[in-house]
Amino acid sequence: MSKFSERLKELREEAGLSQIELAKLVKLSKSAIAYWELGQRVPSLEAVIVLADYFNVSLDYIAGLDD
């Protein structure tokens with residue numbers, strides 16, 4: 001599992017959100033969230049920016065480049 005996958009799942013769970021809830025909030029598909037958390041697909045830069053903005057974290061943090 002990639003660092004991004006781990007971070008996304010961690011942030012989502014800390015926020016108390018299901019994959020479906022997060023998808024609705026950020027206007028992305030539930031299947032995309034699931035694939036990213038499983039490390040089966042790579043999100044677009046635009047999607048990573050949306051997620052980082054939603055969780056109020058840096059792009060480096062959500063990508064696993066910074067703690």
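The values are calculated or read from the model by the stated rules, or taken from the named source; none is laboratory data. For clarity, every value in this text was computed on a predicted model and none was experimentally measured. A quick note on method: Cβ atoms are made from the backbone with ideal geometry, for glycine too, and the neighbour counts reach across all protein chains shown. Just so you know, the surface numbers come from the protein's heavy atoms only, side chains and all, with ligands and any DNA or RNA stripped out. Shrake-Rupley method; radii C 1.70, N 1.55, O 1.52, S 1.80 Å.
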Margin query: Which of the numbered conditions does GLU6 fail, given that it passes all the others? Conditions: (1) part of a helix (DSSP H, G or I); (2) in contact with a helix residue (DSSP H, G or I) (Cβ under 8 Å, 6 or more places away or on another chain); (3) open to solvent by 50 Å² or more (accessible area, probe 1.4 Å).
Written below: (2)
Next item on the list: Looking only at the stretch 45-67, count how many residues are part of a loop (DSSP other than H, G, I, E, B), of a type in the set (Gly, Ala, Ser) and modelled with pLDDT under 95.
Entry: 1
Notebook entry, point to check: How about the stretch 51-67: which of its residues are at negative phi and either touching a Cys at 6+ places or on another chain (Cβ under 7 Å) or open to solvent by less than 60 Å² (accessible area, probe 1.4 Å) (or both)?
Noted result: LEU51, ALA52, PHE55, VAL57, SER58, TYR61, ILE62, ALA63
Next item on the list: List every residue pair whose Cβ atoms lie under 7 Å apart, where the two residues are 6 or more positions apart in sequence or sit on different chains, the first residue falls within the stretch 43-62 and is under 16 Å from LYS27 (Cα atoms), and the second residue, located anywhere, is of a type in the set (Ser, Thr, Tyr).
Entry: ALA52/SER58
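Take the residues in the stretch 27-44 that are assigned to a helix (DSSP H, G or I) and not polar (S, T, N, Q), then tell me which one is surrounded by the most Cβ atoms within 10 Å (Cβ to Cβ).
Within the stretch 27-44, the match that is surrounded by the most Cβ atoms within 10 Å (Cβ to Cβ) is ILE33.
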